[in-house]
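The values are calculated or read from the model by the stated rules, or taken from the named source; none is laboratory data. Remember, predicted model here, so these are calculated numbers, not experimental data. Every residue, glycine among them, receives a Cβ derived from its backbone with ideal geometry; neighbour counts consider all protein chains shown. Just so you know, the surface numbers come from the protein's heavy atoms only, side chains and all, with ligands and any DNA or RNA stripped out. Shrake-Rupley method; radii C 1.70, N 1.55, O 1.52, S 1.80 Å.
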Amino acid sequence: QVQLVESGGGWVQAGGSLRLSCAPSESIFTIGVMGWYRQAPGKQRDLVATITNSNTTGYSDSVKGRFTISRDHAKNTVYLQMNSLKPEDTAVYYCNARYRFRVYWGQGTQVTVSS
């Protein structure tokens with residue numbers, strides 16, 4: 001089992017920034033892929049960004065150029081830096097880890113962007 005503890009959500013005005021953190025209970029050296037997803041009310045959960053343990057990153061088109069995913073091995077934490085936030089970025093953001101052929105999810109953290 002991998003526990004994922006998220007933090008950093010909150011409320012921000014459009015154009016502002018937030019940084020989300022995800023700390024897994026396993027070493028991020030051993031987790032193949034970690035990522036962030038988001039789910040807005042009444043919508044499906046969508047991929048936002050991923051990062052592999054070789055630091056290859058991927059982003060959805062809607063956040064490319066505004067969001068950055070990164071890993072800090074010393075702190076065993078994955079971050080999602082979100083800049084130039086828009087009201088349509090409002091959602092619950094979930095950390096995701098793929099470990100030993102299983103998928104794990106965090107509890108989610110709310111991000112609200114006001115116009």
* To do: Report yes if some residue within the range 75-83 is more than 13 Å from Val111 (Cβ to Cβ), surrounded by fewer than 18 Cβ atoms within 10 Å (Cβ to Cβ) and either of a type in the set (Gly, Ala, Ser) or at pLDDT below 95 (or both); otherwise report no.
  => no
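What are the residues in the range 1-18 that are more than 22 Å from Ser84 (Cβ to Cβ) and under 12 Å from the mean Cα position of the chain (by Cα), if any?
Leu4, Val5
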* Residue that is nearest to Thr109 (Cα to Cα) [pool: residues in the range 1-16 that are outside any strand (DSSP E or B) and open to solvent by 60 Å² or more (accessible area, probe 1.4 Å)] -> Gln3
* Asked: Just checking, which of Ser21, Ser62 is closer than 15 Å to Asn83 by Cβ and of a type in the set (Ser, Thr, Tyr)?
  -> Ser62
* Structure fact -> Glu26 meets each of (1) surrounded by 14 or more Cβ atoms within 10 Å (Cβ to Cβ); (2) part of a strand (DSSP E or B) with one exception, condition (2)
* Asked: Taking into account only those residues within the range 28-55 that are closer than 15 Å to Ser70 by Cα and among the polar types (S, T, N, Q), which is modelled with the highest pLDDT?
  -> Thr50
* Asked: Of these, Lys64, Lys86, which one is farther than 16 Å from Gly8 by Cβ, under 14 Å from the mean Cα position of the chain (by Cα), open to solvent by 70 Å² or more (accessible area, probe 1.4 Å) and not polar (S, T, N, Q)?
  -> Lys64
